[in-house]
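Read-outs throughout are calculated quantities, based only on the coordinates presented, and are distinct from any laboratory measurement. Note that the structure is a prediction, hence the values are computed from the model and not measured. Every residue, glycine as well, gets a Cβ built from its backbone with ideal geometry; the counts of neighbours run over all protein chains shown.
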Amino acid sequence: MKKSTLLLVTLINFFLFSCQKEPEFAGTKMDKTIFLRENGSDMPIRLMGNADSKVLILFVHGGPGEGAWFEHVNTSKLMEKYVVAFWDQRSSGTTQSSSSMPLTVAQFVSDMKKVVLLLNDKFGPDCNIYIWSHSWGGVMSTLYFSENNYPENVKGWINMDGACNPILLRDLEKEAILKFGSEEIAARRNVEQWNTCIDFCASHDTIKTLDDFFTLNAYAGQAQSLLPNVNSFNFINLPMLVNGPYSVLAYFLNNKAIFQNQLPFLEEIFLKTDLSSKLSFIKIPTLFLWGEYDMVVPLKMAEIVSNSIQSTIKETVIFEHSAHAPIASQPEAVNDAIIDFIERMK
Amino acid sequence: MRLLSLTLLFLLIVSAVHAQNYVRHDSIANVFQSTPIKVSYLGDNLGVKPGFNMGIEHTFRSIEIEKIKKSGKIKLKNRDYFYGLNLTAYQHTGFNSAIYLHPEIGFRKTKNSGFYTELSLGTGWMHTTLGGPTYTVDNMGNVNKVNAAGSDFWAFNITPGLGWDFSKHNNSLPLKYFIKPSLVFQYPYNGLYLKHIMMETGFSYSFSNFLESHTKTIYRKISPSNSKK
């Protein structure tokens, strides 16, 4: 009986800890997951691609509450040349946490700093790091770069449809709905749906509550998918969720937890965060990637941010068949634009 | 609401009439039974993330029913009430590995053919270990590795199941085969319950003389009231 107990304990230990070896941070086809444990959250960072290139791209996903890893299907060209780090932020994707502590923007930025330091430690200071942010990730990146306190080997910012100054979103979204809406109504396309969006904007001069903001945001999201020039894509790939590192229900739960338990955090981002004064401190070379028909974070945001930052290198690439997610609508073109930028930065 | 009340009243009257047409005779015995051992494949994430379950189970009350219908046809079935102890483990690459130690309680209805359905509830301790090397970074930028990084949770499961009891046809083969989907709630998780949908399939076998214990067994004979006992 004692021998069988010992055997059982040994088997369980082997089963649980067999995957805990220190990985090699090298190789042309790296595919490893490491975790950052920080302030009550265990955040996975999936490292995929060519680590021998000594170029690492840290993907800072949108949301808050989305995940990062599912974007790997759209980044195969990037992963052939560089290593891409898909980091799930706290309360997002498959990040695990038994904590229910209140979220803050400052906590997310602090997490981002630590992710960069961890990657820098593992890949070494000779590895150039690029931050590639999308949407909400643009808020975090704006704060991160405005502090000018990042390692020397962080060489550039790839800002894709970034909500860099969230206080502007309400007006910019309304403006975009009215602009595209009037064009589409004139062309007699989806007239009823566009009228609903326009009526909402007309009846809400000022957006003061989260409910109104999310209604506006939802109208902007739905409206951009009605535009004929935007390439469609599947947002959720269920087989990938089931077979991959995602726990299907954890993925949806994390997102739900933010919208159910963290309303003050969402208010902080979308109703109170004005980063106008921070933008002028940004000096990092920046590539703006924007969907021409983005109505969630409209193209005008790129113009405002580009005119405000001090970076000597700032370039903009506009994707003419994309809305808020060029990486999903035009993956090939986005991969090419990023590779072109990084190769010229070398 | 009114329709529901009328339906309930109708069912009550029908069952009362039905009960009057049959008589029930119970005899009770304490039976020594060895404890079955369960071994099964158990997969998390709709069954695709592999793991196993091992457990023991004790039937503390068994009712063996022989019902003689008015037509003279005899129907045999039994109902078992059991408790058990299970150790579940799974590995979800890139996410986590977990062990879940949980006592359970449940009941099972077995037809004479050997086909059975059951429902059990369990609760216990779940420990997860992250699916990759884990690090902390302090404010000075120093990176430290955390060995066997994991977390402890309370968990609760609801598990329906179905299976076949081969001993119904062959007394010398005390073997059951079963399939069970399981809904497991893990708490606390981001201030909410994390739900898991697990799938389990495996066998239960009673080795002779293994952890023998008493089962209160009721032999119940139900026959039409006009038939001779």
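Regarding the range A:170-226, what's the average projected area of the Cα-atom convex hull, expressed in nm²? Kindly include the intermediate steps, with their values, before the conclusion.
Details: hull surface 13.3 nm².
For the Cα atoms of the range A:170-226, the hull's average projected area reads 3.3 nm².
Could you let me know the centre-to-centre spacing of the range A:115-156 and the range A:22-67, using Cα atoms, in angstrom?
13
What nm distance separates the two modelled labels at A:K300 and A:D171, each placed 7 Å from Cα along Cα→Cβ?
Using points 7 Å along Cα→Cβ, the separation is 0.8 nm.
If you take each beta carbon of peptide A:31-40 and count the beta carbons of other chains within 10 angstrom, what is the mean?
Neighbouring Cβ atoms belonging to other protein chains average 5 per residue here.
Quick check: the angle from helix A:248-261's long axis to the longest principal axis of chain A, C-alpha only, nearest 10 degrees?
50
Give the aspartates and glutamates reachable from A:K113 as a straight Cα distance under 17 Å; neighbours fewer than 8 places away on the same chain don't count.
Filter leaves A:E38, A:D42, A:D88, A:D121, A:E147, A:E152, B:D138.
Can you give the average number of partner chain beta-carbon atoms within 10 Å of each beta-carbon in peptide B:46-56, as a whole number?
Mean inter-chain Cβ contacts per residue within 10 Å come to 2.
If you take the C-alpha gyration tensor of the range B:2-224, multiply each eigenvalue by 5 and take the square root, what semi-axes do you get, largest first, in whole Å?
On the way: eigenvalues 391, 101, 40 Å².
One finds semi-axes of 44, 22, 14 Å for the range B:2-224.
Need one number: nm distance between label points at B:I197 and B:F107, each 7 Å from Cα along Cα→Cβ, rounded to one decimal.
Label-label distance for B:I197 and B:F107, simple model: 2.8 nm.
Report, ordered by chain and residue number, the lysines lying within cross-link reach of B:K73, taken as a straight Cα distance under 21 Å and ignoring same-chain residues fewer than 8 apart.
By straight Cα distance, B:K73 reaches B:K109, B:K111, B:K168, B:K221, B:K228, B:K229.
Suppose R0 equals 56 Å; then what is the FRET efficiency for B:L175 and A:D199 from their Cβ-Cβ distance, rounded to the nearest 0.05? Intermediate values should be presented prior to the final figure.
Working: r = 68 Å, r/R0 = 1.21.
Rounded to the nearest 0.05, the efficiency is 0.25.
Could you tell me what percent of the DSSP beta bridges with both partners in chain A are antiparallel, to the nearest 5?
Close to 35 percent.
Would you calculate the convex hull of the Cα atoms in the range A:199-257 and tell me its volume per residue in Å³?
Value for the range A:199-257: 111 Å³ per residue.
Which aspartates and glutamates does A:K155 reach when only Cα atoms under 13 Å apart count, and residues fewer than 8 places away in its own chain are ignored?
Within the straight-line limit of under 13 Å, A:K155 reaches these aspartates and glutamates: A:D126, A:E343.
Evaluate the relative contact order of the range B:2-224 (contact order divided by residue number), counting alpha-carbon pairs under 8 angstrom at least 6 apart; express in whole percent.
27
Taking each residue in B:84-97, count the Cβ atoms of any other chain within 10 Å of its Cβ, then average. What number comes out?
For peptide B:84-97, the averaged partner shielding equals 4.
Starting from the Cα of B:K67, step 7 Å toward the Cβ, then list every residue of the range B:19-54 with an amide N under 18 Å from that point.
Inside the label zone: B:19-27.
For the range A:311-317, what does the Karplus curve 6.51 cos²θ - 1.76 cosθ + 1.60, with θ = phi - 60°, yield as ³J(HN,Hα) per residue in whole Hz, taken in order and with x for Gly and Pro?
Computed from phi, the couplings for the range A:311-317 are 3, 7, 9, 9, 10, 10, 10 Hz.
Could you give the length gained by full extension between A:T28 and A:N148, i.e. 0.36 nm per residue of separation minus their alpha carbon distance, to one decimal place?
40.1 nm
Is there a pair in B:K38/B:K70; A:K208/A:K278; A:K29/A:K300; A:K272/A:K314; A:K29/B:K38; A:K77/B:K49 whose C-alpha atoms are over 32 Å apart, and which pairs would that be?
Where the Cα-Cα span goes over 32 Å, the pairs concerned are B:K38/B:K70; A:K29/A:K300; A:K29/B:K38.
For the range A:134-187, which GluC sites (Glu not before Pro) pass both filters: DSSP loop (anything but H, G, I, E, B) and at most 11 other C-beta atoms within 10 Å?
Details: sites: A:E147, A:E152, A:E173, A:E175, A:E183, A:E184; in loops: A:E147, A:E152.
Those that pass, being in a loop and sparsely packed, are A:E152.
Just to compare against my own numbers: the Cα pair-distance distribution for the protein assembly as shown, 10 Å bins, whole % per bin, please.
3, 15, 21, 19, 14, 11, 9, 6, 2, 0, 0
Kindly state, to the nearest 0.05, the FRET efficiency for A:V242 paired with B:Y187, given R0 = 25 Å and r defined as their beta-carbon distance.
Working: r = 23 Å, r/R0 = 0.93.
Taking R0 as 25 Å, the efficiency between A:V242 and B:Y187 is 0.60.
Tally Lys and Arg at +1 and Asp and Glu at -1 over the other residues with C-beta under 10 Å from the C-beta of A:L289: what net charge comes out? Write out the running numbers ahead of the final one.
Working: positive: none; negative: A:D161, A:E315.
Charge balance in the 10 Å sphere: -2.
Going by alpha carbons, how many degrees (0 to 90, nearest 10) lie between the helix axis of A:331-345 and the longest principal axis of chain A?
80
State to the nearest 20 debye the size of the charge dipole of the protein assembly as shown about its Cα centre, where the only charges are +1 on K and R beta carbons and -1 on D and E beta carbons.
Rounded to the nearest 20 debye, it is 4020 debye.
In nanometres, what is the gap between the two model label sites at A:A106 and B:I37, each 7 Å from Cα along Cα-to-Cβ?
5.8
If you line up the long axis of helix A:2-17 against the longest principal axis of chain A, both from Cα atoms, how many degrees apart are they, to the nearest 10?
Between the helix axis and the principal axis of chain A, the angle is about 40 degrees.
Mind listing the long-range amide H neighbours of B:G47? Cut-off is under 5 Å, sequence gap 5 or more, other chains count too, H placed in the peptide plane at 1.01 Å from N.
Those lying under 5 Å, H to H, from B:G47 are B:M199.
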